[in-house]
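Here is the structure we will look at, set down as structure tokens.
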Amino acid sequence: MWRATVLTLYPEMFPGPLGHALAGRALGRLWRLEARDIRAHALDRHGSVDDTPAGGGPGMVMRADVVAAAIDAAEQETGPQPKILLTPRGRPLDQARVRELAGGAGVTLVCGRFEGVDQRVIDARGLEEVAVGDVVLSGGEVAALLLLDACVRLLPGVMGHAESGDEESFEAGLLEHPQYTRPREFEGRSIPQDLLGGDHAAVRRWRRAAALRDTRLRRPDLWAKYVAETVDKPAQTE
């Protein structure tokens, strides 16, 4: 069973939306979630987990010793597994990393708060710093929910049809093609004819062309990477 451990100051935020739909139906059957309170490892009677930043400045910083104690206690139960700190300073999360995590035994997620986490515990415990977008959130919990949802849906048996994820955005380095369903006509807009004739080859060509077009127009960063890795890739010689 795939195991997710979340270290947070707000364990009541979990499972949240992960308790519903695909992830919720699989929870306890195909994957396990444990939210652990970092504050349980505070070193004083006030439950302090933060202190003023070295060098001065606004806000507070989560203490290295408290966070380290929470990580160590969790690892005694989970054993070695990837340990990720959700932070806007991290490497952007992508589908390739999600697939790697979903293919392992589980993940430990550390949810920062305030101005962040003391860098020394990040270095000492080998935390992988991951960002879910170029945005700043109030804490890592929402980012943790996003990462877990992305992983859980890839676990064997979670999606009704495993192949349903094969053509989704980012799986082939491109955005997914647009989707259509009934009615055939909606406010003067029709479903593209190539999707209606039952010609599977025509459907594949249309979807491929649409994915290429939308990636080029909407995500020039992905398009440049796709071109570099495919179109501009030198032909192999024997």
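The values are calculated or read from the model by the stated rules, or taken from the named source; none is laboratory data. A quick note: this is a predicted structure, and the numbers were derived from the prediction, not measured. Note that each Cβ is placed from the backbone with ideal geometry, even for glycine, and that neighbours are counted across all protein chains shown. Accessible surface areas use protein heavy atoms only, side chains included; no ligands, DNA or RNA. Shrake-Rupley method; radii C 1.70, N 1.55, O 1.52, S 1.80 Å.
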- Message: Conditions first: (1) on the phi > 0 side of the Ramachandran plot; (2) open to solvent by less than 40 Å² (accessible area, probe 1.4 Å). Gly56 passes all but one, so which condition is the exception?
- Response: (2)
- Message: Whether any residue in region 96-113 is assigned to a loop (DSSP other than H, G, I, E, B) and modelled with pLDDT under 95 is what I want to check.
- Response: no
- Task: Sort out which residues of region 122-173 are modelled with pLDDT under 95 and of a type outside the set (Asp, Glu), and write them in order of number.
- Result: Met159, Gly160, His161, Ala162, Ser164, Gly165, Ser169, Phe170, Ala172, Gly173
- Note on the structure: Filtering region 35-62 down to residues that are assigned to a loop (DSSP other than H, G, I, E, B), touching a residue at least 24 places away in the same chain (Cβ under 8 Å) and of a type in the set (Gly, Ala, Ser) yields Ala42, Gly57, Gly59
- Item | Hits in region 72-94 (condition: part of a loop (DSSP other than H, G, I, E, B) and free of Cβ contacts under 8 Å to residues at least 60 places away in the same chain) | Gly79, Pro80, Pro82, Leu93
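Can you find a residue that is on the phi < 0 side of the Ramachandran plot, in a strand (DSSP E or B) and in contact (Cβ under 8 Å) with a residue 60 or more places away in the chain anywhere in region 63-71?
Residues of region 63-71 on the phi < 0 side of the Ramachandran plot: 63-71.
Now drop any that are not in a strand (DSSP E or B), which leaves none.
No, the conditions are met nowhere in region 63-71.
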- Taking region 185-207 and keeping only residues that are open to solvent by 80 Å² or more (accessible area, probe 1.4 Å), part of a helix (DSSP H, G or I) and without any contact (Cβ under 8 Å) to a residue 24 or more places away in the chain, one is left with Gln193, His200, Arg204, Arg205
- Item | Hits in region 120-136 (condition: loosely packed, with under 13 Cβ neighbours inside 10 Å and either touching a residue at least 12 places away in the same chain (Cβ under 8 Å) or part of a strand (DSSP E or B) (or both)) | Gly126, Gly133, Asp134, Val135, Val136
- Message: Checking the structure you have, find out if any residue of region 61-82 is within 30 Å of Gly173 (Cβ to Cβ), surrounded by 15 or more Cβ atoms within 10 Å (Cβ to Cβ), aliphatic (A, V, I, L, M) and at pLDDT 95 or above.
- Response: no
- (1) small (Gly, Ala, Ser); (2) exposed (fewer than 13 other Cβ atoms within 10 Å of the Cβ); (3) in contact with a Phe, Trp or Tyr (Cβ under 7 Å, 6 or more places away or on another chain) all hold for Ala35 apart from (2)
- Every residue from region 90-115 that is surrounded by fewer than 20 Cβ atoms within 10 Å (Cβ to Cβ), touching an Asp or Glu at 6+ places or on another chain (Cβ under 6 Å) and not aromatic (Phe, Trp, Tyr): Gly90
- Any residue in region 208-221 that is surrounded by fewer than 15 Cβ atoms within 10 Å (Cβ to Cβ) and farther than 30 Å from Pro92 by Cβ? no
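Within region 1-16, can you find the residues that are exposed (fewer than 14 other Cβ atoms within 10 Å of the Cβ) and part of a helix (DSSP H, G or I)?
Within region 1-16, the subset exposed (fewer than 14 other Cβ atoms within 10 Å of the Cβ) is 1, 12.
Once the filter is applied, which keeps residues that are exposed (fewer than 14 other Cβ atoms within 10 Å of the Cβ) and part of a helix (DSSP H, G or I), region 1-16 yields only Glu12.
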